[in-house]
Amino acid sequence: MKLTAAVIGPAHGLKGEALIDVRTDAPEIFTVGAVFDVSPPRTTKPKNAGVISNSPAHENDTTPAETSEAQLPESVTIASVRVHKDRVLVRFDEASSRESVEKLRGAHLLVDEHEEEDAWYVHDLKGLDVRDLDDRHRGVVAGVQSGAAQDLLLVRVDGRNVMVPFVEELVPEVNIEGGYVRVDAIPGLFDDNAVSADAQGRQ
């Protein structure tokens, strides 16, 4: 299964760089030499679609997608990557000019579902057994919540969701094939005073 890692945005400057809209939690996959499959952007509908008008319709009166599938390479290779004002800028081996980059605008950069190292998707994690370092059952993964400093693993314990910082120190092992995650159940993590996502939602 292919997933969108980024969407190519407008050209930046005159040296063939493009802004990309990163759609992955593992931006470190964008490195020099990395190869991504390319998928065309969605075709936009005609400007007047669904609008009743007395004006004559024009066959070509549409808002076209930035590029067509025929113009796209099957894959692109990153030639350079840098961060500029919190935005990611890349150059591709296959597009060395501003004009050629604009032809890629709107295209999706794809990766295999499990290509991102040490990155997991919520649907992979939901339902996994939560075990402590002594292999005792502690709960079941209910989901993942974005936090200010890091993601939070939501663990269903006795009818409530306990928030566990999703960091290696507290979650040293994620075993999708084995059906469990390993948690360092430090004192207070799962007791009655643990931080509950349900309680936060009621505040």
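No lab work stands behind these numbers, since they all come straight from the coordinates. Note that this is a predicted model, so its numbers are computed, not measured.
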Phi angles of the range 15-24, converted by Karplus (6.51 cos²θ - 1.76 cosθ + 1.60, θ = phi - 60°) into ³J(HN,Hα) in whole Hz with x for Gly and Pro, give 9, x, 7, 10, 6, 10, 8, 6, 10, 10
Expected vector for the range 86-97, Karplus 3J(HN,Hα) from phi with 6.51, -1.76, 1.60 and θ = phi - 60°, integer Hz, x for Gly and Pro, equals 6, 10, 8, 10, 10, 10, 10, 4, 7, 9, 9, 10
Along principal axes, largest first, the alpha-carbon spread of the range 122-198 in whole Å comes out as 30, 25, 24
Amide H neighbours of A34 at under 5 Å, excluding residues fewer than 5 places away on the same chain, with H built from the backbone geometry, are I78
Length gained if Q145 through H123 is fully extended, taking 0.36 nm per residue and subtracting the Cα-Cα distance, is 6.6 nm
Here the relative contact order (percent) of the range 122-198, from C-alpha pairs under 8 Å and at least 6 apart, is 28
Sequence order, the range 172-186: Karplus ³J(HN,Hα) from phi using 6.51 cos²θ - 1.76 cosθ + 1.60, θ = phi - 60°, Hz rounded, Gly and Pro as x, gives x, 9, 10, 10, 5, 5, x, x, 8, 10, 9, 10, 7, 7, 5
